[in-house]
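The values are calculated or read from the model by the stated rules, or taken from the named source; none is laboratory data. In this text the structure is predicted, and so the values were computed from the model without any measurement. Reconstructed Cβ throughout: ideal geometry from the backbone, glycine too, with neighbour counts over all protein chains shown.
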């Protein structure tokens, strides 16, 4: 009987640790599950289990911390999110400034890799929003490449409407969800 309880305790601890290892980090960290960079086309992610990659050297389960607490928001490199108008993949002048600053940084640091996550608000079908998020991420990628960033250092992902920042049902909430996140 005592052996039964020991086995049960070991199973419980193992399941608990496995559950902790599988959970995603939020805030300034990203858990890496697939560390390949430089696929040929955009990758479309349709579930919340997807993760981003921070470098060519990342391995499965590695946590990459991105500290934005000290970022100067007047500095375009301190801004890692660019926003889009409704139903558009065209960059606004402010977004263009931010993207160009990041492109310059990446072209001066060829060992760096970036993930561009495209997002959309909840209006429109799921399929349409995935395609729109992909067009937005590709618009940023095209500027990066035009400014000298190697294509294999860029990975694009579309989450469509799957990962909203704001859950509101008005224009101020939707405008926050129409974005591309730039992740190193």
Next item on the list: Within segment 150-177, track down each residue that is under 13 Å from residue 116 (Cα atoms) and in contact with a strand residue (DSSP E or B) (Cβ under 9 Å, 6 or more places away or on another chain).
Entry: 153, 154, 155, 156, 157, 158, 159, 160
Note to self: Quick check on this structure: which one of 115, 140, 98, 82 is buried (at least 20 other Cβ atoms within 10 Å of the Cβ) and more than 22 Å from residue 174 (Cα to Cα)?
What the structure shows: 115
Check: Considering only strands (runs of 3 or more DSSP E) fully contained in segment 60-170, which possess at least 3 residues that are at pLDDT 95 or above, within 11 Å of residue 180 (Cβ to Cβ) and touching a helix residue (DSSP H, G or I) at 6+ places or on another chain (Cβ under 7 Å)?
Finding: 114-119, 154-160
Next item on the list: Considering only residues that are free of Cβ contacts under 8 Å to residues at least 60 places away in the same chain and within 18 Å of the chain's Cα centre (by Cα), look in segment 106-121 and name the one that is farthest from residue 85 (Cα to Cα).
Entry: 106
